[in-house]
Amino acid sequence: MAALIYTSLCSLDGFTADAHGSFEFAMPDEEVHRFANELERSVGTHLYGRRMYEVMTWWEATNDFSDMPGFVQEYAAVWQAADKIVYSRTLTEPAGPRTRIERRFDVPTIRELKAASARDISVSGPTLASHALRAGLVDEVQLLVFPFILGGGLHMFPEAVQSTLELTDERRFDSGVVYLGYRVRRT
């Protein structure tokens with residue numbers, strides 16, 4: 001059975017984007033990027049909402065990564081090899097291969113996907129992740145916390161959702177970024 005992992009980059013005060021929708025504060029340096037590459041290797045399927053998918057399509061739209069650093073090329077290869085499911089009422093066509101569009105987030109379907117998958121599943125973007133968190137589908141939370149206080153914006157966790165988490169991994173980076181890995185405790 002695959003784990004459903006909520007992976008997020010966030011500010012110290014828990015925002016994935018600032019009040020203007022920018023996430024430039026969370027641009028990883030090489031050390032953090034290489035670590036993120038390793039985290040992504042276990043993922044066989046990414047679940048995205050439309051906005052997050054549109055951000056991530058850069059990794060498909062840029063066909064020539066040859067002039068980019070090796071760690072960027074590596075991430076592109078890992079990301080392109082994974083399947084993507086995009087939840088959107090407005091998109092009609094996926095931007096690239098290995099991608100399908102679904103009109104709604106269906107909890108029983110996600111449970112079936114978890115049971116049938118040999119590799120982990122990642123849910124990205126706080127809006128879509130809120131559905132998975134509310135439904136109790138998330139097994140792990142992986143955070144890369146950047147040393148910025150934004151004071152507002154798009155919060156990474158939905159209101160009124162409570163979970164008990166167990167710290168399973170942590171790492172500090174020279175840039176001040178901290179990785180925190182948690183397992184969701186089932187009661």
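The values are calculated or read from the model by the stated rules, or taken from the named source; none is laboratory data. Note that the structure is predicted; figures quoted are calculated from it, not measured. Here the Cβ positions follow ideal geometry from the backbone for every residue, glycine too, while neighbour counts run over all protein chains shown.
Restricting attention to the range 33-69 and to residues that are touching a residue at least 60 places away in the same chain (Cβ under 8 Å) and not in a helix (DSSP H, G or I), the residue that is surrounded by the most Cβ atoms within 10 Å (Cβ to Cβ) turns out to be Leu47. Selection of the range 134-160 for residues being over 22 Å from Asn37 (Cα atoms) and in contact with a Ser or Thr (Cβ under 7 Å, 6 or more places away or on another chain) yields Phe148, Ile149, Leu150, Leu154, Pro158.
Under the condition of being more than 15 Å from the chain's Cα centre (by Cα), over 25 Å from Phe25 (Cβ atoms) and touching a residue at least 12 places away in the same chain (Cβ under 8 Å), the residues counted in the range 137-185 number 7. Look through the range 16-32, keep the residues that are part of a helix (DSSP H, G or I) and not acidic (Asp, Glu), and return whichever of them is surrounded by the most Cβ atoms within 10 Å (Cβ to Cβ). This residue is Val32. When we screen Ser175, Ser88, Ser130, Ser124 for residues that are buried (at least 16 other Cβ atoms within 10 Å of the Cβ) and out of contact with any strand residue (DSSP E or B) (no Cβ under 7 Å at 6 or more places or on another chain), the only hit is Ser130. Among the residues examined, Glu74 does not qualify as among the charged types (D, E, K, R), more than 16 Å from the chain's Cα centre (by Cα) and over 24 Å from Leu9 (Cα atoms). When you check Ile149 against the structure, is it crowded, with 17+ Cβ neighbours inside 10 Å and at pLDDT 90 or above, yes or no? No: the conditions fail for Ile149.
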